[in-house]
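S.K.: If you scroll down you'll find the structure; I have some questions about it.
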């Protein structure tokens, strides 16, 4: 039997075993891949909508052909000539739009744009004229999984047209995602929301809700889930932060302006069931880690435990260039009365075993944690520089330890933001990885900005201690993972993803320490680590606030 056949049989048996046993029965030494559903795209409905939009400009409508060649597969471009024509126009503004396997909805009036060109006016107006006053696109990324776009609304734009009365210091960013792939999460708060009466005729199933630091509008069109979102503060307005209620009219202006702007049918996709994740077989004599969900006792929201999620959401390259590296809490091992520098206190965490800190108490809404609040990601520290004995040790600058791209992907980051997100869009994945605590000025200077393509392993920064200002936290990297669902982008626990990435890099399998203390259930109430005295565990007050955002912070 050939190698490919053996892999197929092995994968099939693993899938069958998972489906029969259920993922809740995975042992502490087994990981699984995510369960992903593929949607069926109704392209005939998309063409009908495009035809109605184009027909509003008769001079333009005559140049579009809506009847394709018969007896061709639906994914053959010749079967949808109008879409080919549309992509030829809009790709000049939204690069690669034809790569999207779902209809691309954007606040762009293609018919009006073409009609203006036909009349041969001498001065071409700004694109904002065709985009409901939203400025030219900040980010557009289309690929085999779908598309993502980000537009900005300038301070003071749309004045007197129902927009927020306050003038903000910076533009309001609006994101939209349409995806053929949906991650199937155990999501207790998923699917909720309220209807928006003013938009019910245009979007019958539209629901609005506030989740994980964003106001979101989720709807289905052409069989595809779309989510429009704006980062906001779910409270009263603040001087520099947009309140979610202030974001409503901007999001709804965006939704009213959405039109079919491109995309092209592709071969139908199959659902991706969970499999047992591939890992090295040889055991590491050194690398150890505590069980997933086994956070430090009393460190969760209202002293709740973590959550056992055995999913390796992606096969990634570990985010630090050099090893060893250590996943540990940066918040809950600090004695209140200590007058030592933070980095000196935390230095003891540069050792094995690793420990999960995804559901530690923070003010961030995290639906995947038992209490609904958590850390969003994992804190990673590089090893301290070795002592230089007789010049034998390799040169090591503790302030220049490189952070690298975990996959080939596209950067999502605006100027001055302290977080950089890497987006992956392939036939089998639609996933994001966020890095925090690198200095924004350095990232700006290095061009780590919206739309930049990076290769796996490429340096994108150094481990730093930026949190709203230099020296705002200890020197470490915060790393988190978001996957696309019908509620939009949701934070999931990256602990297992990082463990498996580290194992691939060292080519050895880690050993679970204290596995008997972790229950294999959605919520875990772990014991205190023997290496940490309860008196040293510092619980963050529930009213502490760090912004949950591209710009915001965590520790």
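The values are calculated or read from the model by the stated rules, or taken from the named source; none is laboratory data. This is a predicted model, so every value here is computed, not measured. Note that we place each Cβ from the backbone using ideal geometry, even for glycine, and neighbour counts take in every protein chain shown.
S.K.: Would you point out the residue of the range 29-41, among those that are in a loop (DSSP other than H, G, I, E, B) and at pLDDT 90 or above, that is surrounded by the fewest Cβ atoms within 10 Å (Cβ to Cβ)?
M.R.: 40
S.K.: Does the range 244-263 contain at least one residue that is touching a residue at least 40 places away in the same chain (Cβ under 8 Å), under 30 Å from residue 456 (Cα atoms) and surrounded by fewer than 19 Cβ atoms within 10 Å (Cβ to Cβ)?
M.R.: The answer is no, given that none of the residues of the range 244-263 is touching a residue at least 40 places away in the same chain (Cβ under 8 Å), under 30 Å from residue 456 (Cα atoms) and surrounded by fewer than 19 Cβ atoms within 10 Å (Cβ to Cβ).
S.K.: Quick test for you: out of 490, 513, pick the one residue that is under 20 Å from the mean Cα position of the chain (by Cα) and at pLDDT 85 or above.
M.R.: Just one listed residue meets the conditions, 490.
S.K.: Kindly indicate whether any position in the range 257-274 is outside the structural domain of residue 163 (by TED's automatic domain parsing), touching a strand residue (DSSP E or B) at 6+ places or on another chain (Cβ under 8 Å) and within 30 Å of residue 511 (Cα to Cα).
M.R.: Yes, some residue in the range 257-274 is outside the structural domain of residue 163 (by TED's automatic domain parsing), touching a strand residue (DSSP E or B) at 6+ places or on another chain (Cβ under 8 Å) and within 30 Å of residue 511 (Cα to Cα).
S.K.: Out of 370, 382, report the one residue that is buried (at least 23 other Cβ atoms within 10 Å of the Cβ) and either closer than 20 Å to residue 490 by Cα or at pLDDT below 95 (or both).
M.R.: Answer to the selection: 382.
S.K.: Separate question: What residue, among those in the range 400-418 that are buried (at least 23 other Cβ atoms within 10 Å of the Cβ) and in contact with a helix residue (DSSP H, G or I) (Cβ under 9 Å, 6 or more places away or on another chain), is nearest to residue 467 (Cα to Cα)?
M.R.: For the range 400-418, the residue satisfying everything is 418.
S.K.: Continuing with the same structure: Quick check: is even one residue across the range 390-399 modelled with pLDDT of 80 or more, surrounded by fewer than 22 Cβ atoms within 10 Å (Cβ to Cβ) and within 30 Å of the chain's Cα centre (by Cα)?
M.R.: yes
S.K.: Continuing with this model, one more query. Being touching a helix residue (DSSP H, G or I) at 6+ places or on another chain (Cβ under 9 Å) and free of Cβ contacts under 8 Å to residues at least 60 places away in the same chain narrows it down to one of 481, 448, 454, so name that one.
M.R.: It is 448.
S.K.: Right, something else. Would you mind telling me which numbered condition in (1) closer than 30 Å to residue 483 by Cα; (2) modelled with pLDDT under 90 residue 44 fails?
M.R.: (2)
S.K.: Across the range 120-154, which residue is nearest to residue 259 (Cα to Cα) among those that are modelled with pLDDT under 90 and surrounded by 15 or more Cβ atoms within 10 Å (Cβ to Cβ)?
M.R.: For the range 120-154, the residue satisfying everything is 128.
S.K.: To continue, here is another question. Looking at the range 49-63 only, could you name the residues that are surrounded by 14 or more Cβ atoms within 10 Å (Cβ to Cβ) and out of contact with any helix residue (DSSP H, G or I) (no Cβ under 8 Å at 6 or more places or on another chain)?
M.R.: Matches in the range 49-63: 49 only.
S.K.: What are the residues in the range 70-102 that are outside any loop (DSSP other than H, G, I, E, B), touching a helix residue (DSSP H, G or I) at 6+ places or on another chain (Cβ under 8 Å) and at pLDDT 80 or above, if any?
M.R.: 82, 83, 84, 86, 87, 89, 90, 97, 98
S.K.: Oh, and also: Answer yes if at least one residue in the range 12-28 is out of contact with any strand residue (DSSP E or B) (no Cβ under 8 Å at 6 or more places or on another chain), assigned to a loop (DSSP other than H, G, I, E, B), closer than 27 Å to residue 492 by Cα and at pLDDT 55 or above, and no otherwise.
M.R.: yes
S.K.: Kindly provide the set of residues from the range 191-233 that are surrounded by 14 or more Cβ atoms within 10 Å (Cβ to Cβ), touching a residue at least 60 places away in the same chain (Cβ under 8 Å) and not in a strand (DSSP E or B), ordered by number.
M.R.: Scanning the range 191-233 gives 212, 213, 222, 223.
S.K.: Kindly evaluate residue 288 against the criterion of being crowded, with 20+ Cβ neighbours inside 10 Å, at pLDDT 95 or above and not assigned by TED's automatic domain parsing to the domain that holds residue 170.
M.R.: For residue 288, the condition - crowded, with 20+ Cβ neighbours inside 10 Å, at pLDDT 95 or above and not assigned by TED's automatic domain parsing to the domain that holds residue 170 - is not met.
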